[in-house]
Protein chains: 2
Amino acid sequence: MDNYEELLGKLLEKLAETSQTQSAVSSGPKRIPVGISNRHIHLSQKDVEKLFGYGYQLTKLKDLSQPGQFACKETVMVCGPKGAIEKVRILGPVRKQTQVEILQSDSFKLGVKAPLRLSGDLVGSGNVTLIGPKGSTEIIEGVVVAKRHIHMLPDEAIQFGVHDGESVTIEFSGERGGSLKNVIIRAVEHSGLECHIDTEEANALGITPNTEIVIKKNNI
Amino acid sequence: MDNYEELLGKLLEKLAETSQTQSAVSSGPKRIPVGISNRHIHLSQKDVEKLFGYGYQLTKLKDLSQPGQFACKETVMVCGPKGAIEKVRILGPVRKQTQVEILQSDSFKLGVKAPLRLSGDLVGSGNVTLIGPKGSTEIIEGVVVAKRHIHMLPDEAIQFGVHDGESVTIEFSGERGGSLKNVIIRAVEHSGLECHIDTEEANALGITPNTEIVIKKNNI
């Protein structure tokens, strides 16, 4: 009986591969994978040393889909006036400025402001205190909720008929299906094709890494 | 200076009232208020007594928008194989069967199944253990994620051009605006007009109790 099940499994796998290839050929542009982010932190080297000690280097745990980006072994505690969240993952490599990306519900729990922003757009954003094993650091500005976006290569943008910085709508089906407006195209070299949303967006809309999303122009 | 501010406040209030009235008159159907639910529990009297003691009666904390429904002073802990969530609010009055409504993220934290269901549709739904001050009870079936829906009176359904049980799409604007498919109309007597979504849906989509939502037929 085990043999039959194994054979059936292989047949189904093969069938899935075939239908994926056919769909890629027939529908033109590539399928857009979905990357679902939980709360996380990008640290400056200065803040790494405040939290983990002088000269400390982050430890890579695993590579992420965007080339050069990785999840680190290290986590810290994020504290606001109303609460704290433990074990928030650090992502590497270090950046020029520390950026704390939280969920909307985290901003209520912590009691902090967290405007909806694209990565790097930190002027006037929120403030929290980070607690590490060797010290703490107050992030005066750098707390945001990530604005949903799609990473792609400039060539892929041409395929999809969009351009860097454009705001599009994405559509998807399923029990909690619907559409999301104001998804920003980030089309630069060295990108991995991926639509980035956070866990609240994914849960609320029943989106998994396997959900098929379709780009629609915002004005259609 | 205080007097000027008070006067200005009153003028603005009056203006807001006037424009609301005008919009109700000009746009036909009433505006649909949004009710945002966090995780909560409806208990059977049998489970109330298991958790709080023999003959115990739930204590009303405040009335909810649906006639006869109320939030209780009492909370319990919800436990699954992977984790626990403390202080989950009980809603009254008691029901025939206990129903535990959690967020999708809670289902991961607890390590339990929680299918997307309308209230009362509990066959084959998830299981958790509830811990109260006087005892615990295992809910064999009754754990769900609430399927979004709109309560209204049968007369209001006629105004909106929909019927009880119909699945519609709602649209809304804002920084995280978009649309949600598969929103079920619940048009029965003794209802308060309100669209019910959970906190993950609200956070993910930037919806607040003041967000204006528009019903669109699913097939449009």
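The values are calculated or read from the model by the stated rules, or taken from the named source; none is laboratory data. What you see is a predicted model; the values in this text were computed from it and never measured. Ideal geometry is used to build each Cβ from the backbone, glycine not excepted, and the neighbour counts take in all protein chains shown. For the accessible areas, the whole protein counts, side chains as well, though only heavy atoms, and no ligand, DNA or RNA atoms are used. Shrake-Rupley method; radii C 1.70, N 1.55, O 1.52, S 1.80 Å.
Taking a label point 7 Å from the Cα of B:LYS134 along the Cα→Cβ vector, which residues of the range B:50-83 have an amide N closer than 16 Å to it?
Within reach of a label on B:LYS134: B:50-60, B:73-77.
So with the 1.4 Å probe, I'd like the accessible area per residue for the range B:38-146, rounded to whole Å². Show your work: numbers first, answer last.
Numbers: 5400 Å² over 109 residues.
Computed with neighbouring chains in place, this is 50 Å² per residue.
In debye to the nearest 20, how big a dipole does chain B give about its Cα centre with +1 on each Lys and Arg Cβ and -1 on each Asp and Glu Cβ? Don't skip to the end; give the middle numbers.
Working: 26 positive and 27 negative charges, 146 e Å.
The calculation lands at about 700 debye.
Could you pull out every one of the lysines with an alpha carbon less than 16 Å from that of A:LYS113, ignoring same-chain neighbours closer than 8 positions?
Once the sequence-local lysines are set aside, what remains near A:LYS113 is A:LYS82, A:LYS147.
Per the helix-only calculation at 222 nm, which mean residue ellipticity applies to the protein assembly as shown, given -39500 (n - 2.57) for every DSSP H run of n ≥ 4 and division by its residues, nearest 500 deg cm²/dmol?
Details: 10 runs with 108 residues, N = 440.
Result for the protein assembly as shown, helices only: -7500 deg cm²/dmol.
What net charge is computed for the residues neighbouring A:GLU212, neighbours being all others with C-beta under 11 Å from the C-beta of A:GLU212, Lys and Arg scored +1, Asp and Glu -1?
Numbers: positive: A:ARG31; negative: A:GLU171.
Here the charged neighbours net out to 0.
Taking the Cα centre of the range B:38-146 as origin, sum charge times position over the Cβ atoms of Lys and Arg (+1) and Asp and Glu (-1), and report the length of that vector in debye to the nearest 20.
Working: 15 positive and 10 negative charges, 32 e Å.
Value, rounded to 20: 160 debye.
Among A:GLN66, A:PHE108, B:VAL162, which residue has its Cα furthest toward the positive end of the charge dipole of the protein assembly as shown, with +1 on Lys/Arg Cβ and -1 on Asp/Glu Cβ?
A:PHE108
Mind listing the long-range amide H neighbours of B:ILE32? Cut-off is under 5 Å, sequence gap 5 or more, other chains count too, H placed in the peptide plane at 1.01 Å from N.
Amide H neighbours of B:ILE32, under 5 Å, 5+ apart: B:ILE213.
State the three equivalent ellipsoid semi-axes of the range B:38-146, derived from the C-alpha gyration tensor as the square roots of 5 times its eigenvalues, in descending order and whole Å. Walk me through the numbers on the way to the answer.
Details: eigenvalues 80, 51, 32 Å².
Those come to 20, 16, 13 Å.
Chain B: which residue's Cβ hugs the B-to-A rotation axis most tightly, distance rounded to whole Å?
In residue-and-Å form, the answer is B:ALA204, 2.
Return the whole-Å distance between the Cα centroid of the range B:122-160 and the Cα centroid of the range A:144-220.
Measuring centre to centre over Cα atoms gives 32 Å.
Copy-to-copy spacing for A:LYS113, label 7 Å out on the Cα-to-C-beta vector, in nm, shortest first?
4.7
Run through the range A:32-81 and list the chymotrypsin sites (Phe, Trp or Tyr not before Pro) located in a DSSP loop whose Cβ has at most 12 other Cβ atoms within 10 Å. Don't jump to the answer; show the numbers that get you there.
Values: sites: A:PHE52, A:TYR54, A:TYR56, A:PHE70; in loops: A:TYR54, A:TYR56.
For chymotrypsin sites (Phe, Trp or Tyr not before Pro) across the range A:32-81 that sit outside H, G, I, E and B with at most 12 neighbouring Cβ atoms in 10 Å, the list reads A:TYR54.
Over the protein assembly as shown, what per residue volume does the convex hull of the Cα atoms give, in whole Å³? Could you put the intermediate results ahead of the total?
On the way: hull volume 97.8 nm³, N = 440.
It is 222 Å³ per residue.
For B:LYS147, enumerate residues with amide H under 5 Å from its amide H, sequence gap 5+ or separate chain, H modeled in the peptide plane.
Amide H neighbours of B:LYS147: B:ARG117, B:LEU118, B:SER119.
Loop sites only, by DSSP: take the GluC sites (Glu not before Pro) in chain B that have at most 15 other C-beta atoms within 10 Å and name the longest stretch containing none of them.
Working: sites that count: B:GLU175, B:GLU189, B:GLU212.
With GluC sites (Glu not before Pro) excluded where exposed in loops, chain B gives B:1-174 as its longest stretch.
Which semi-axis lengths, in whole Å and largest first, follow from the square roots of five times the eigenvalues of the Cα gyration tensor of the range B:95-220? Each step should come with its number before you reach the end.
Working: eigenvalues 169, 67, 31 Å².
Calculated on Cα positions only, the semi-axes equal 29, 18, 12 Å.
Quick one: divide the alpha-carbon radius of gyration of chain A by 2.2 N^0.38 Å and tell me what you get.
Numbers: Rg = 20.0 Å, N = 220, 2.2 N^0.38 = 17.1 Å.
Cα-based Rg divided by the globular estimate yields 1.17.
Taking the Cβ of B:SER125 as the centre, find all other residues whose Cβ is under 11 Å away and add up their charges (Lys, Arg: +1; Asp, Glu: -1). Could you put the intermediate results ahead of the total?
Numbers: positive: B:LYS113, B:ARG117; negative: B:GLU101, B:ASP121, B:GLU141.
Charge balance in the 11 Å sphere: -1.
Mind checking the mean number of beta-carbon atoms from other chains within 10 Å of the Cβ atoms in A:178-188? All intermediate terms of the calculation are to be shown ahead of the outcome.
Values: counts 12, 7, 7, 10, 7, 1, 0, 0, 0, 0, 0.
Average neighbour count from other chains, rounded to a whole number: 4.
In a shell of Cβ-Cβ distance under 12 Å around B:ARG89, excluding B:ARG89 itself, what net charge do Lys and Arg (+1) and Asp and Glu (-1) give? List each step's numbers first, then the result.
On the way: positive: B:ARG39, B:LYS62, B:LYS73, B:LYS87; negative: B:GLU74, B:GLU86, B:GLU101.
Its environment carries a net charge of +1.
Can you list, shortest first in nanometers, how far A:GLY55 lies from the same residue in the other copies, with each label 7 Å from Cα toward Cβ?
7.3
Tell me the carbon and sulfur percent of the accessible area for the range B:38-146, rounded to whole percent, probe radius 1.4 Å.
Details: 2840 of 5400 Å².
Roughly 53 percent of what the probe reaches on the range B:38-146 is carbon or sulfur.
Return the lysines within reach of A:LYS73: Cα separation strictly under 19 angstrom, same-chain partners fewer than 8 residues apart disregarded; answer none if there are no such residues.
The qualifying lysines are A:LYS46, A:LYS50, A:LYS60, A:LYS62, A:LYS87, A:LYS134.
Treating the point 7 Å from Cα along Cα-beta-carbon as the label, what are the nm separations from A:GLU141 to the other copies, to one decimal?
Spacings between copies for this position, smallest first, are 5.7 nm.
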